[in-house]
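*Asks:* Right, I'll just put the structure down here and ask away after.
The values are calculated or read from the model by the stated rules, or taken from the named source; none is laboratory data. Keep in mind that this is a model prediction, so the values were computed, not measured. Cβ coordinates were reconstructed from backbone atoms using ideal geometry, including for glycine residues, and neighbour counts include every protein chain displayed.
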Amino acid sequence: MANEIAVKNFYQQSTNKHTGILSWLLTKDHKRIGLMYMMAIMSFFVVGMIIGLLMRLELIAPGRTIMNAQTYNTLFTLHGVIMIFLFIIPGLPAIFGNFFLPIQIGAADVAFPRLNLLSWYIYMIGATLVIVSLFLPGGPIDTGWTFYIPYSIRSTTNVSMALFAAFVLGFSSILTGINFITTVHRLRAPGMGFFKMPLFVWATYATAWIQIIATPVIAITILLVIIERAFGVGIFDPALGGDPILFQHMFWIYSHPAVYIMILPAMGVVSEIIPTFSRRTIFGYKQIAYSSLAIAFIGYLVWAHHMFSSGMSDTARWIFSLLTFIVALPSGVKIFNWVATMYKGSIDPQPPFLWVMNFIFLFSIGGLTGLVLGSLATDIHLTDTYFVVAHFHYVMFGGTGTIFFAALHYWFPKMFGRMYNMKFARIAVVLYFIGFNMLYFPKFIMGYMGMPRRYYDYLPQFTPYQRISTIGSWILVGTIFFIFGYLIHALRKGKKATSNPWGGVTMEWHIPSPPPLENFKTIPTVTHEPYDFSQLKEMKNE
Amino acid sequence: MSDHQEAAVHQLHRDDAGARMGMWLFLFTEVLLFGGMFLVYAVYRYQYPDQFHLAARELNTTLGTLNTIILLTSSLTVALSIAALQNGNKFLSLILLSATLLFALTFMVIKYFEWTTKIAHGIYPGSPELLTKPNGQILFFGLYYVMTGLHGLHVLVGMVVISFMIVFIARDKVTPDNYVKLENSGLYWHLVDLIWIFLFPLFYLIQ
């Protein structure tokens, strides 16, 4: 480890001649760009979270509590738009994908470093447009994040601007996807065959494909709505012969695959963390890799299950229902393989592993309630109720959100070269679990009892459940601030991290923490399988 | 960063096959973008076949054909300019690119006259004249403006890209040894052409 001190890390070296803030804003280094995404995305996450907190506070009692109904409408729209387009879609790929995908395949950078920086700027422009649309005359958008026609044409709020922001953000997403696919094809180190890639790379690769296949469809749909608002072309306007249901189809052709953009990288992170802390090679490597592709492919064909009650033929409905059940299979393959990996492993329950346990529990609830919504008869009863809200939050927040924290705890030492307080991290996992279930589980019950989603007011019999949910939101938000607190503290005061604090064997654990600018002194030659823990001994001698 | 490392990283970034791959992926997203539009077109054509038929007769097939010929020729000139540069003939390459630019401009001018004639006849989205027509015709002209407009926007972007290539070749940033930028611009231009090849029959010819 002697040469570790001699090597400068990427914080101390710049890709350009500038120092200070410009060395970041003009950087081509994938690691710095990843961290810039992290700053931006986590800020928006906090904004989205506070909006959610305010909505929950409003719902603590029936009737008006702290805001009027119109404000509530704009808040749930903004919560959706910010969390989906600014946090959860770019979250894992743009932060951890950028930082670790090139390292994990033994490359010095992504294929198009300048394009990578451009995607960050486009993301920031999109985000700025979202924020600006709040303050312009007309007021914040109130259509819900689904922008359903005809209300999104009639609404006098700043719908066009918010839509344009989503269009711009989609462009950023497409460019990142193109970059990652090309990187995986062109820049794998010698010996790094496709089936020697870590599973996070596989998952990010599959995600990148969905990004470039699905995003253009939402782009054109959004453009059509903007044009419709500006010129009244009539494409989605029933008064002129257009068909609002067609909008729903085109919206979900993107937005359903988008949930796989959100969840697949998270599944990739799980496939990294479980072997590392079980000290055992992953069970069913190829099956997990292929199941990512299968999810990407089948996930593209299930969109209309969002529209069971909006007017389709029965044939179409049962076909989409069937396809929905089929897409659960590859997810099941992953869950079983993860559990089988732990079997007879030497499990070391460090915080990242505990976060993954959290994920498996929460995501399983989310996944299984998805089947309830996927079958036609039950969906008719539950559609547009809190049940859908609860399902969605268990899958997205309990799934991707939880794994966001898992990834943060897993790669924090590598990214920043510091360790955080393990005891605090363990407490945070438990508090998060309690807060999360208090916040969202009552929504399943309320939804089953018939509480519709997006409602400002509710009947008195829902009061106890709403109250539990609101208290849960306080615990959850408190925990998240607690996490940010000890992580920020660790940045300054944390103990220095070694190059391999967890005993992982993928490429990033072979290089110093934080990594040097070029990642590797020379491009490495890969000889081992990705999760071959017999390397640990030689790695100690490196 | 030392010079040596700079060179090493720079070396890595010169990956022509990678650059082409990235471009093809981007073109793929463009095809899907227009694919969404073609889907909308298909749905409404199926729904209002008679009115689409009637509305299509209002379009000027002669101008459409002329534009098709112009655009196809411009695709030829851009392909030839790449070949010329590969053979080291910088001057010919520049001439051919300028010709492409000129064709593109002609295309846009003809498009302009087509649109303004329609607008002068009161056929444009939301016009009182158009609103008296049946829904199928409103949709046909709505789609006509949106799809040819979006395509026209792509022609403009292509013109900007080709202008940049002319500057790059003139300043020897794009050379016979390093012409992947020009190749990618050519690919983009072919896509613009390709989309028109589908738009032309769908709006002008199928009647």
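*Asks:* Assess whether A:F392 counts as being in contact with a Phe, Trp or Tyr (Cβ under 9 Å, 6 or more places away or on another chain), assigned to a helix (DSSP H, G or I) and either of a type outside the set (K, R) or modelled with pLDDT under 95 (or both).
*Replies:* Judged against the criteria, A:F392 is not a match.
*Asks:* Given the conditions (1) farther than 26 Å from A:F533 by Cα; (2) touching a helix residue (DSSP H, G or I) at 6+ places or on another chain (Cβ under 7 Å); (3) of a type in the set (S, T, Y), and given that A:T315 satisfies all but one, which numbered condition is not satisfied?
*Replies:* Here A:T315 clears every test but (2).
*Asks:* May I pose another question? Out of all the residues in region B:45-61, which are over 10 Å from B:Q137 (Cβ atoms), crowded, with 16+ Cβ neighbours inside 10 Å and either hydrophobic (A, V, I, L, M, F, W, C) or in contact with a Ser or Thr (Cβ under 9 Å, 6 or more places away or on another chain) (or both)?
*Replies:* Of everything in region B:45-61, just one residue is over 10 Å from B:Q137 (Cβ atoms), crowded, with 16+ Cβ neighbours inside 10 Å and either hydrophobic (A, V, I, L, M, F, W, C) or in contact with a Ser or Thr (Cβ under 9 Å, 6 or more places away or on another chain) (or both), namely B:L59.
*Asks:* Here are some conditions: (1) over 13 Å from the mean Cα position of the chain (by Cα); (2) buried (at least 20 other Cβ atoms within 10 Å of the Cβ); (3) in a helix (DSSP H, G or I). A:A266 meets all but one. Which one does it not meet?
*Replies:* All conditions pass for A:A266, except number (1).
*Asks:* Scan region A:514-536 and give yes if some residue there is more than 30 Å from A:S364 (Cβ to Cβ), within 25 Å of the chain's Cα centre (by Cα) and touching a residue at least 40 places away in the same chain (Cβ under 8 Å), otherwise no.
*Replies:* The initial filter retains those residues of region A:514-536 that are more than 30 Å from A:S364 (Cβ to Cβ), namely A:514-528, A:534-536.
Next, only the ones that are within 25 Å of the chain's Cα centre (by Cα) stay: A:514-515.
Those still in the list that are touching a residue at least 40 places away in the same chain (Cβ under 8 Å) too: A:514-515.
Within region A:514-536 (the criterion being more than 30 Å from A:S364 (Cβ to Cβ), within 25 Å of the chain's Cα centre (by Cα) and touching a residue at least 40 places away in the same chain (Cβ under 8 Å)), the answer is yes, since at least one residue qualifies.
*Asks:* If we keep just the residues of region A:427-475 that are more than 27 Å from the chain's Cα centre (by Cα) and charged (D, E, K, R), which is farthest from A:P352 (Cα to Cα)?
*Replies:* Among those that are more than 27 Å from the chain's Cα centre (by Cα) and charged (D, E, K, R), it is A:D457.
*Asks:* Residues in region B:42-54 that are more than 10 Å from every other protein chain (Cβ to nearest Cβ) and out of contact with any Lys or Arg (no Cβ under 8 Å at 6 or more places or on another chain): how many?
*Replies:* Matching residues across region B:42-54 total 7.
*Asks:* Let me ask you something else. Identify, from the list A:F297, A:F247, A:F325, the residue that is free of Cβ contacts under 8 Å to residues at least 24 places away in the same chain, within 25 Å of A:I89 (Cα to Cα) and not charged (D, E, K, R).
*Replies:* Values: A:F247 fails: free of Cβ contacts under 8 Å to residues at least 24 places away in the same chain; A:F325 fails: free of Cβ contacts under 8 Å to residues at least 24 places away in the same chain.
It is A:F297.
*Asks:* Do you know which residues across region A:239-265 are facing another protein chain (nearest Cβ under 9 Å) and either β-branched (V, I, T) or touching a Leu at 6+ places or on another chain (Cβ under 6 Å) (or both)?
*Replies:* A:G241, A:I253, listed by residue number.
*Asks:* Yes or no: B:K111 touching a Gly at 6+ places or on another chain (Cβ under 8 Å) and surrounded by fewer than 20 Cβ atoms within 10 Å (Cβ to Cβ)?
*Replies:* Numbers: touching a Gly at 6+ places or on another chain (Cβ under 8 Å): yes; surrounded by fewer than 20 Cβ atoms within 10 Å (Cβ to Cβ): yes.
Yes, satisfied.
*Asks:* I'm told A:T383 meets every condition in (1) surrounded by fewer than 21 Cβ atoms within 10 Å (Cβ to Cβ); (2) of a type outside the set (A, V, I, L, M, F, W, C); (3) over 25 Å from A:M449 (Cα atoms) except one. Can you identify the failing condition by its number?
*Replies:* All conditions are met except number (3).
*Asks:* Sticking with this structure for a sec: What's the total number of residues in region A:343-367 that are more than 25 Å from A:F424 (Cβ to Cβ) and surrounded by 14 or more Cβ atoms within 10 Å (Cβ to Cβ)?
*Replies:* The total comes to 5.
*Asks:* What are the pairs with Cβ atoms under 7 angstrom where one residue, in region A:129-148, is free of Cβ contacts under 8 Å to residues at least 24 places away in the same chain and the other, located anywhere, is in a loop (DSSP other than H, G, I, E, B)? Sequence gap at least six, or different chains.
*Replies:* A:G138/A:T156; A:G138/A:T157; A:G138/A:N158
*Asks:* Here's something else I'd like to know. Spot the failing condition for A:R280; the list is (1) part of a helix (DSSP H, G or I); (2) surrounded by fewer than 23 Cβ atoms within 10 Å (Cβ to Cβ), and only one is missed.
*Replies:* (1)
*Asks:* Taking helices (runs of 4 or more DSSP H) that fall entirely within region B:95-207, which contain at least 1 residues that are in contact with an Asp or Glu (Cβ under 7 Å, 6 or more places away or on another chain), within 18 Å of B:V31 (Cβ to Cβ) and within 14 Å of chain A (Cβ to nearest Cβ)?
*Replies:* Numbers: elements: B:128-131, B:135-170, B:180-200.
The qualifying helices (runs of 4 or more DSSP H) are B:180-200.
*Asks:* A further question on this structure: Might you check whether a residue that is touching a Pro at 6+ places or on another chain (Cβ under 6 Å) and not in a loop (DSSP other than H, G, I, E, B) occurs anywhere in region A:46-53?
*Replies:* At the first step, the residues of region A:46-53 found to be touching a Pro at 6+ places or on another chain (Cβ under 6 Å) are none.
No, region A:46-53 contains no residue that is touching a Pro at 6+ places or on another chain (Cβ under 6 Å) and not in a loop (DSSP other than H, G, I, E, B).
*Asks:* Identify the single condition in (1) surrounded by fewer than 16 Cβ atoms within 10 Å (Cβ to Cβ); (2) touching a His at 6+ places or on another chain (Cβ under 8 Å) that B:V78 does not satisfy, given that it satisfies every other one.
*Replies:* (1)
*Asks:* Sticking with this one: Mind listing whichever residues of region A:489-509 are assigned to a helix (DSSP H, G or I) and crowded, with 19+ Cβ neighbours inside 10 Å? Full working, then the answer.
*Replies:* Taking region A:489-509 and keeping what is assigned to a helix (DSSP H, G or I), we get A:489-493, A:507-509.
Within region A:489-509, A:A490, A:M507, A:E508, A:W509 meet the criteria.
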